[in-house]
1. How many of the residues making up the stretch 28-42 are small (Gly, Ala, Ser) and either part of a loop (DSSP other than H, G, I, E, B) or under 15 Å from GLU9 (Cα atoms) (or both)?
2. Among (1) more than 10 Å from the chain's Cα centre (by Cα); (2) modelled with pLDDT of 95 or more, there is one condition CYS36 misses while meeting the rest; what is its number?
3. Can you pull out every residue in the stretch 6-51 that is among the hydroxyl-bearing types (Ser, Thr, Tyr) and loosely packed, with under 12 Cβ neighbours inside 10 Å?
4. Only residues in the stretch 6-23 that are farther than 15 Å from VAL37 by Cα count as the first member; pair them with residues that are β-branched (Val, Ile, Thr) and not in a helix (DSSP H, G or I), Cβ under 7 angstrom, at least 6 apart or cross-chain, and list the lot.
5. So how many residues does the stretch 1-28 have that are within 11 Å of MET45 (Cβ to Cβ) and touching a Phe, Trp or Tyr at 6+ places or on another chain (Cβ under 8 Å)?
6. List pairs: first residue in the stretch 43-57 and of a type in the set (A, V, I, L, M) and assigned to a helix (DSSP H, G or I), second residue modelled with pLDDT under 95 and surrounded by fewer than 16 Cβ atoms within 10 Å (Cβ to Cβ) anywhere in the structure, Cβ distance under 7 angstrom, at least six positions apart or on different chains.
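The values are calculated or read from the model by the stated rules, or taken from the named source; none is laboratory data. Note that this is a predicted model, so its numbers are computed, not measured. For neighbour counting, all protein chains shown are included, and Cβ atoms are generated from backbone atoms with ideal geometry for every residue, glycine included.
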Amino acid sequence: MNLRLPQAEVTALCHGANVAISAIETLPSGGTHLVCVTIEGADEMRQKLKKHLIEGRVKRFAFLTANKY
């Protein structure tokens, strides 16, 4: 999910709710992209943070992979 909150705040809120984070990244727009480990955790955070959800597509940083030689 994409949120209008800084990454540190999202991390703290997940920790406080005992929701495990699978992946988290700062968005170029300043928000945060959050992926929870379980669907239940994602549902809980979606409910808890619904007023901070960003609707629609957002621009994310390009994913860089290691070169294979």
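1. Residues in the stretch 28-42 being small (Gly, Ala, Ser) and either part of a loop (DSSP other than H, G, I, E, B) or under 15 Å from GLU9 (Cα atoms) (or both): 3 in total.
2. Against the list (1) more than 10 Å from the chain's Cα centre (by Cα); (2) modelled with pLDDT of 95 or more, CYS36 comes up short only on (1).
3. Result: SER22, THR38.
4. Taking only residues 6 or more apart or on different chains, the pairs are PRO6/THR32; GLN7/ILE24; GLN7/THR26; GLN7/THR32.
5. Final tally of qualifying residues: 0.
6. Short answer, once both residue conditions are applied: none.
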